[in-house]
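Okay, so here's the structure we're looking at.
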Amino acid sequence: MTKTITFNELRRIKDSLPDGSVRQIADKLNCTVQTVRNYFGGSNYEFGQNCGVHIEPGPEGGIVVLDDTTIYDMAIAILEEQAAKQA
């Protein structure tokens, strides 16, 4: 399932994740940490892969189409879990 989001919102999600979350996601998906970083807008393809993220120029940093929302969904779940602990 695809999802369309602004680049700035995608970066806000990544920046809101607690320390170690990118590694946790990478470990669960059996991929490199850099691949998860690339999903959130990084561009180091020497040590990571493209995860089906397409960025189009535009407002709010551009429009991002996520071909696979697995990493996005995992990040949102981590943020929801973190919010529940703080409540």
Segment 1-48, subset surrounded by 13 or more Cβ atoms within 10 Å (Cβ to Cβ) and in a loop (DSSP other than H, G, I, E, B), residue modelled with the lowest pLDDT: GLY48
Members of segment 55-74 found to be among the acidic types (Asp, Glu) and not in a strand (DSSP E or B), listed by number: GLU60, ASP67, ASP68, ASP73
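The values are calculated or read from the model by the stated rules, or taken from the named source; none is laboratory data. On a predicted model such as this, the values are computed, not experimentally measured, just so you know. Positions of Cβ are backbone-derived with ideal geometry, glycine not excepted, and every protein chain shown enters the neighbour counts.
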